[in-house]
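The values are calculated or read from the model by the stated rules, or taken from the named source; none is laboratory data. All figures in this text were calculated on a predicted structure; none of them were measured in a lab. Glycine also receives a Cβ, built like all others from the backbone with ideal geometry; neighbour counts cover every protein chain displayed. What goes into the accessible areas is simple: the full protein's heavy atoms, side chains included, and nothing from ligands, DNA or RNA. Shrake-Rupley method; radii C 1.70, N 1.55, O 1.52, S 1.80 Å.
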Amino acid sequence: TTTTTTTTTTMTTTTTTGTPKRSPGGDPAEIAKLLNDAYYGFSNDTKDPMDPKAPMGVTMNLPSDQTSFFKNIFCAEYNNPKGKTGCSQGRCDCRFSAALYNHLMLITEGFTLMDILKRRTAIVFNQTLVENYLSRCFYIWDGASNNKYNVGCGNGAGGDCSSRNSAFHNICPSTNKTCTAQDQESKDGLCQQFGGLHPMPVAHSAGYQCSFPGPAIDYHEQQGWQPTDSREHLREMLTFRTKNQQGNDEGTLKTKMWNEVVLDVRLLMPRIWEDPALVIPAFVYWKDDPIAKANAKTMRDDFCAEYGLDQKIPVLALDWKATTLKKEPIYLALPEDNEQEVVI
């Protein structure tokens, strides 16, 4: 079986000939247990601190196209099996926006999982890879990262595909070169404690949404790149968020509101090619929603077929009625042909 706790920090972006030995899809009950442990693992209580090595939640994307993983990948240099993509309104290229879910955020007033955007199919990412390798940056709230320099983590960029200084082309005006983490346009988008211009926002409406740098903040396809040790930046972001999410903002309960994790597609897709079931341990759907379940199975089957996985990645149910205060399991391993729960 595969787990969500294995990671490697050596980057591979070169084209590889031949098919690597790939992990089979994991055991559904084992993957569900790992995800539930990750979901409930984070603590901001200084009197009861969490294991510093434990995952801080589960990173998921609720895709706009709910039947194909690849139709949610926008990166002009990636040879997408569903067709190559290009510039759209000058928006960031090779950026993948996700959110981190745990028992303290993205929950309702009843302490149940937030039903966001009515998208009830989700892609789960290996949390160890998210925290140590794939992430460019993190936002306390929705960072509106689609129009920012440095692949969604810097200051605001233009939205014109014909401009070299658009977010899509990612050419920093100060250097007239591809943005790096050292360029002013990149630094200005960070929160003040990381050299940026703006303080950490206590609410989405409170002002500029600055970013916390992740391990891939300075990845720009350079030779010899290694991820930075920035895992504590994510912990700092989550601690600040959970201590500043009481009450409402913009007419919405703050615990319901998005955070944002920006992944780099140029790192993500080579790792998926090498070992898809390690990087994507599960596809999930909202329990009791037959359309979402069918979509999750279609997406999973399409993904596994592309990489020749005979033992498929599990499709798990998300129990949106489970109460987080009681630490009830959120991720359930249910038989794919019915809704009978597998006890784990």
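Taking 305, 122, 38 in turn, the Gaussian network model of the chain (Cα-Cα springs below 10 Å) assigns the largest fluctuation to 305. Here the range 9-111 is assigned +1 on the Cβ of each Lys and Arg and -1 on the Cβ of each Asp and Glu. Its dipole about the Cα centre then comes out at about 520 debye. For residue 181, the shell of other residues with beta-carbons less than 12 Å away shows a net charge of -2, using +1 for Lys and Arg and -1 for Asp and Glu. Name the residues of the range 90-111 whose amide N is less than 12 Å from a point 7 angstrom out from the Cα of residue 64 along the C-beta direction? Answer for the range 90-111: 90-92, 97. Accessible surface calculations at 1.4 Å, restricted to protein heavy atoms, place the range 38-92 at 49 Å² per residue.
Around the Cα centre of the chain, unit charges on the Cβ atoms of Lys, Arg, Asp and Glu (plus for the first two, minus for the last two) sum to a dipole of about 340 debye.
Here the dipole of the range 70-118 is about 280 debye; that uses its Cα centre as origin and unit charges on the Cβ of Lys and Arg (positive) and Asp and Glu (negative).
The length gained by stretching the chain between residue 208 and residue 163 to full extension, at 0.36 nm per residue less their Cα-Cα distance, is 13.8 nm. Expressed as a fraction of 2.2 N^0.38 Å, the C-alpha radius of gyration for the range 152-256 is 1.21. In the chain, helical runs assigned H by DSSP with n ≥ 4 each contribute -39500 (n - 2.57); averaged across all residues and rounded to the nearest 500, the mean residue ellipticity at 222 nm is -5500 deg cm²/dmol. When the listed pairs 71/312; 21/84; 148/326 are checked against a 31 Å cut-off, the alpha-carbon distance exceeds it for 148/326. Evaluated at q = 0.07 Å⁻¹, the base-10 log of the normalised Debye intensity for the chain, with identical point scatterers placed on the Cα atoms, takes the values -0.27. Where does the charge balance sit around residue 221 when Lys and Arg score +1, Asp and Glu -1, over other residues with C-beta under 15 Å from its C-beta? Taking every other residue near residue 221 into account, the sum is +1.
Think of the chain as a dipole: +1 on every Lys or Arg Cβ, -1 on every Asp or Glu Cβ, centred on the Cα centre; then among 233, 18, 150, 150 lies furthest on the positive end. Of the peptides 284-296, 261-273, the ranking by mean beta-carbon count within 10 Å, highest at the top, reads 261-273, 284-296. Which GluC sites (Glu not before Pro) from the range 231-275 combine a DSSP loop assignment with at most 15 other Cβ atoms within 10 Å? Loop-located and lightly packed - 250. When the alpha carbon gyration tensor of the range 140-190 is reduced to an equivalent ellipsoid, its three semi-axes come out at 16, 14, 6 angstrom, largest first. What is the sum of charges around residue 92, taking Lys and Arg as +1, Asp and Glu as -1, for the other residues whose C-beta is under 11 Å from the C-beta of residue 92? So the environment of residue 92 carries a net charge of +2. Loop-resident trypsin sites (Lys or Arg not before Pro) (DSSP state other than H, G, I, E or B) in the range 145-240 with no more than 15 further Cβ atoms inside 10 Å of their Cβ: 164. Calculated FRET efficiency, residue 288 to residue 33, Cβ-Cβ distance, R0 = 25 Å: about 0.70 to the nearest 0.05.
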